[in-house]
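The values are calculated or read from the model by the stated rules, or taken from the named source; none is laboratory data. Please read these numbers as outputs of a predicted model, since none were measured by experiment. Because the Cβ atoms are built from the backbone with ideal geometry, glycine has one as well, and the counts that use them run over all protein chains shown. Side chains are part of the model used for accessible areas, which takes the heavy atoms of the whole protein and leaves out ligands, DNA and RNA. Shrake-Rupley method; radii C 1.70, N 1.55, O 1.52, S 1.80 Å.
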Amino acid sequence: MHDFKGQTVIVTGGTRGIGKGIAEGFLKAGAKVIVTYTTNEAAAAQFKQDNSQFAENIDIQKLDVTKYEEVEKFFKYTDTKYGSFEVLVNNAGIRKDSVLAMMKESDWHDVMNVNLAGIFYMCKFAVKSLMRKRYGRIINISSVMERYGFEGQANYAASKAGLSALTKSLSKEVATRGITVNCVSPGFIATELIEDLPDKLRESYLARIPLKRFGSTEEVAACVLFLASKEASYVTGSTLEVTGGL
Ligand code: NAD
């Protein structure tokens, strides 16, 4: 178990799914966690209730990562309230699947805006703050689709491959400032994001996974906590896959 006492951690889209698992992992490890959500007030309230024993270490903030000014305001808020932070987990992500020939232009742009532009905005303002501190950990949640590229996910796969490239470039830019930047790349994790998969597709995915099961949010969180820890000081620009062998 890594120790994050005295550290402040930001997890975007952290009130449900993989983000919730990650935020809860940091809370259990002693961190103060700023959890962001967009519109799902019910999930935010549920998160608070499920983690009431950590109430004083939880700060839930509304944030749409696709809005540049909102992101800028969010980091002004964290700087004013906490002075600084140590860890940013860019977990927010969406998928809008369809075969490329039928893909709506808006579905292409929506996915790129959240999964790529949103992370650019978050990293831009985070890095300014972390550079002053000369310490930081940024973990971007990618997907095995960045290299696997399933049918029907051209927009999603392209956004995650772009994220991997962004991660590598940024890691080189900030390495001398004590900041590491890495990706955690999950395979199929049991969350709402994959709940809507048709049964036949779900079965075909399971058949392809060597471990023959979907992963858990706790299994993703364990990898994020490792990369966010002081012990991971010599790991940067890399991708840690949590895929059951895909
Ligand atoms: P989810 O839909 O449960 O959670 C996504 C989160 O992103 C939500 O909290 C949502 O509010 C937030 N979000 C969406 N748009 C946003 C915006 N504009 N601004 C801020 N937040 C926004 O999905 P999940 O499965 O928990 O996925 C979390 C991350 O893991 C995503 O980046 C996803 O691509 C990635 N991932 C998931 C799986 C999987 O199998 N579930 C596999 C690989 C990668």
For the stretch 129-160 and the stretch 1-52, what is the centre-to-centre distance using only Cα atoms, to the nearest Å?
19
If ligands, DNA and RNA are left out, what is the accessible area of residue 26 with a 1.4 Å probe, given in Å² to the nearest 10?
0
Could you tell me how many degrees, from 0 to 90 and to the nearest 10, lie between the Cα long axis of helix 217-228 and the main elongation axis, the longest principal axis, of the Cα atoms of the chain?
40
In whole percent, how big is the carbon plus sulfur part of the accessible area of the stretch 1-148, probe 1.4 Å, protein atoms only?
52
So how tilted is helix 41-50 from the main axis of the chain? Cα-based, degrees 0 to 90, rounded to 10.
70
Starting from the Cα gyration tensor of the stretch 99-154, take the square roots of the eigenvalues, sort them a ≥ b ≥ c, and report rounded, prolate or oblate (rounded when a/c is under 1.5, otherwise prolate if a/b is larger than b/c, else oblate).
oblate
Calculate the dipole size of the chain relative to its Cα centre from +1 charges on Lys and Arg beta carbons and -1 charges on Asp and Glu beta carbons; express the result in debye to the nearest 20.
800
Residue-count net charge about residue 211 - beta-carbon cut-off 13 Å; Lys, Arg +1, Asp, Glu -1:
+1
List 106, 185, ordered by accessible area with a 1.4 Å probe, largest first
106, 185
Compute, for residue 98, the solvent-accessible surface of its heavy atoms (probe 1.4 Å) with the complete set of protein chains present, and express it in square angstrom to the nearest 10.
30
Restricting to bridges with both residues inside the chain, how much of the DSSP beta-bridge set is antiparallel, in percent to the nearest 5?
0
Residue by residue through the stretch 7-18, what is 3J(HN,Hα) from phi via Karplus (6.51 cos²θ - 1.76 cosθ + 1.60, θ = phi - 60°)? Round to whole Hz and write x for glycine and proline.
9, 10, 10, 10, 10, 7, x, x, 8, 8, x, 4
Per-residue accessible area, 1.4 Å probe, largest first, puts 177, 137, 213 in the order 213, 177, 137
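Tell me the net charge near residue 192. Cut-off is 13 Å between Cβ atoms, residue 192 excluded, with +1 for each Lys or Arg and -1 for each Asp or Glu.
+1
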Sequence of 192, 24, 72, 151 from largest to smallest accessible area, 1.4 Å probe:
151, 192, 72, 24
Cα gyration tensor, the stretch 30-135 - rounded (a/c under 1.5), prolate or oblate:
oblate
Helix-derived mean residue ellipticity, 222 nm - over the chain, DSSP H n ≥ 4, -39500 (n - 2.57), to 500
-14000 deg cm²/dmol
Rounded to 0.05, the calculated FRET efficiency for the beta carbons of residue 134 and residue 105 at R₀ = 45 Å is 0.55
With every protein chain kept in place and ligands, DNA and RNA left out, what is the accessible area per residue of the chain? Probe 1.4 Å, answer in Å².
47
Check residue 140: other-chain or 5+ apart residues with amide H under 5 Å from its amide H, H built from backbone geometry?
90, 182, 183, 184
Integer Hz, Karplus 6.51/-1.76/1.60 couplings in order for the stretch 111-118, x for Gly and Pro:
5, 4, 5, 6, 6, 10, 4, x
With a point put 7 Å past each Cα toward its Cβ, work out how far residue 231 is from residue 176 in nm, to one decimal.
3.1
Once residue 124 and residue 218 are pulled to full extension, the length gained, defined as 0.36 nm per residue separation minus their Cα-Cα distance, is 31.0 nm
From the phi of every residue in the stretch 133-145, what ³J(HN,Hα) in whole Hz does the Karplus formula 6.51 cos²θ - 1.76 cosθ + 1.60 yield, where θ is phi - 60° and glycine or proline is x?
7, 6, 7, x, 10, 10, 10, 9, 8, 9, 6, 4, 4
Once the piece of chain linking residue 197 and residue 150 is laid out straight, how much longer is it, given 0.36 nm per residue of separation minus the C-alpha distance between them?
15.6 nm
The chain: relative contact order from alpha carbon pairs under 8 Å, six or more residues apart, as a whole percent, is 21
